[in-house]
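Written out below as structure tokens is the structure these notes cover.
The values are calculated or read from the model by the stated rules, or taken from the named source; none is laboratory data. Keep in mind the model is a prediction, meaning the values are calculated, not measured. Here the Cβ is made from the backbone with ideal geometry for all residues, glycine too, and neighbour counts use every protein chain on show. Note: accessible area is taken over every heavy atom of the protein model, side chains too, but ligands, DNA and RNA are not part of it. Shrake-Rupley method; radii C 1.70, N 1.55, O 1.52, S 1.80 Å.
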Amino acid sequence: MAKPSSEGDSSTASRTGSRSTMRESSLKGCGFSSFTGFRAEKEDDLRLAMPLYLRLAMLDCIKKKDVDAGDQHFQTSGSEDDPRGENPVVVFINPKSGGRNGSVLQDRLQHMISQEQVFDLHNVKPDEFVRYGLGCLEKWAEKDNCAKETRKNIRVVVAGGDGTVGWVLGCLGVLHEKDQFPVPPVAIIPLGTGNDLARSFGWGGSFPSARQSAIKRALQRATNGRICHLDSWHVVVQMPGGEVVDPPHSLKTTEVCDVDQNLKIEGHVPDKVNCYEGVFYNYFSIGMDAQVAYGFHHLRNEKPYLAQGPISNKIIYSGYSCSQGWFLTPCMSDPSLRGLNNILSIHIKRKNSSKWEPIEIPRSVRAIVALNLHSYGSGRNPWGNLKPDYLQKRGFVEAHVDDGILEIFGLKQGWHASFVMVELISAKHIAQASSIRLELSGGDWRDAFLQMDGEPWKQPMSKEYSTIVEIKRVPFPSVMVNGSHRNSP
């Protein structure tokens with residue numbers, strides 16, 4: 001798949017120069033009589049720290065959940081000894097990520113930036129920062145030039161796995177809905193197991209938390225990297241009322257089931273239904289891969305001492321894949337139950353089309369994935385780099401992360417999946433779609449397994465009624481920072 005597209009590929013140097021000039025000018029307005037002298041005095045400083053009064057004001061607002069709680073700090077602003085960051089950032093870190101090295105990284109980030117700008121996700125939630133921290137800056141932007149410039153230039157760094165990044169992106173998405181611009185772009189320090197979001201935007205699949213030079217380079221790339229867009233996808237799950245389900249954190253209950261009424265449901269729908277909704281950024285899947293992920297997550301929760309880092313996680317995951325019968329389906333299993341086509345029907349809308357059309361599910365497919373990125377399963381590209389002749393023959397287009405299209409592919413037995421994951425072959429190409437409707441009907445199946453961005457759950461199946469999953473693109477993109485080295489000045 002193609003790499004993320006970025007804004008401003010042309011005349012980057014001139015824009016970078018003009019941006020630096022504007023920032024220096026605005027910082028002088030914040031109380032500096034000689035910005036250049038300060039710069040020379042701290043040659044290696046990345047100038048990430050906000051003015052102390054702003055940091056304290058934002059922190060008070062977040063802690064007290066009140067945008068007015070930091071007002072007293074603005075009465076004492078303007079000290080010339082108070083550093084004004086040219087490149088303001090805040091960091092959200094999951095200390096339990098990265099093989100339990102997250103706490104060490106947190107201490108180093110707080111030392112390099114400031115303690116008030118590095119948030120432990122267990123103490124400060126991203127939605128609290130958006131509502132009260134950014135709300136504080138917006139409230140004072142008209143009266144305080146530093147607050148105005150900080151709000152305009154602030155960037156967010158997420159130190160964690162794909163799930164943590166998605167959580168932060170979802171909270172920042174609220175700014176789009178409320179027309180509160182600009183939306184801070186997100187950079188990544190990869191601490192998870194798969195880190196597919198980080199890989200897709202040039203941040204790599206792992207991070208040497210013990211090396212201070214690596215931390216400094218990451219922060220430099222976070223402040224200077226180009227801005228890119230990423231599609232995000234809204235999911236609605238409608239199931240028969242009374243079913244007991246333990247959904248992932250990315251799914252929340254909702255009173256309104258926003259499914260397309262123009263497409264008739266093939267099965268039966270009860271009078272009472274339960275509805276959940278959420279957003280994913282990388283992939284949604286159903287079938288054996290989700291079942292393996294579900295078992296792995298439960299094993300890790302029951303025996304947390306096994307989760308010592310990405311490498312040990314992958315070893316355990318691989319072993320669990322074998323134990324769940326993906327490679328060798330138990331002989332007692334009814335062959336007719338092996339394929340997803342026994343319980344699942346798919347309809348899609350193609351790009352620039354309002355018409356739903358059915359899609360045939362190959363009998364051999366045991367897992368179906370709707371993929372947004374070009375990185376899946378720790379950096380693999382199961383869709384493959386398809387040649388123009390093949391794309392034209394199948395009616396496909398070259399895939400991008402911001403093209404409004406999901407790539408739908410299937411995985412067969414575990415051996416087929418293994419060859420796909422080592423990129424010896426491509427997955428079973430099924431379709432490209434701008435919207436997807438999945439309808440699950442139980443039959444002899446008691447449960448189905450689904451997952452969003454690595455968060456799996458067990459979905460109860462009903463013999464009488466259908467469960468509906470509908471996926472459509474969120475109307476606004478998420479804003480990312482491209483961490484590729486070539487994008488750094």
For 195-204, 370-379, 108-117, ranked highest to lowest by mean beta-carbon neighbours within 10 Å, the order is 195-204, 370-379, 108-117
Other residues with Cβ under 15 Å from the Cβ of I359 give, with Lys and Arg +1 and Asp and Glu -1, a net charge of +2
Regression test value, accessible area per residue of the range 201-290, probe 1.4 Å, units Å², expected 46 Å²
S441 neighbourhood, Cβ < 12 Å, K/R = +1, D/E = -1, net charge -3
About its Cα centre, the range 107-240 carries a charge dipole, from +1 on Lys and Arg Cβ atoms and -1 on Asp and Glu Cβ atoms, whose size in debye to the nearest 20 is 500 debye
So for R0 = 45 Å, FRET eff. of E138-V104 from the Cβ-Cβ r, to 0.05, ends up at 0.85
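Rounded to a whole number, what % of the accessible area of the range 129-188 do carbon and sulfur atoms account for, probe 1.4 Å?
Using a 1.4 Å probe with all protein chains present, the range 129-188 comes out at 48 percent carbon and sulfur.
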For K355, counting only lysines whose alpha-carbon sits under 23 Å away and dropping same-chain residues fewer than eight positions off, the answer is K264, K393, K472
Using a 1.4 Å probe on heavy atoms of the protein chains only, the accessible area for C275 in Å², nearest 10, reads 10 Å²
Once all protein chains are kept in place, D68 shows an accessible area at probe 1.4 Å, nearest 10 Å², of 80 Å²
Surpassing 25 Å at the alpha-carbon level, of the pairs K349/K458; K152/K178; K152/K216; K96/K148, are K349/K458; K96/K148
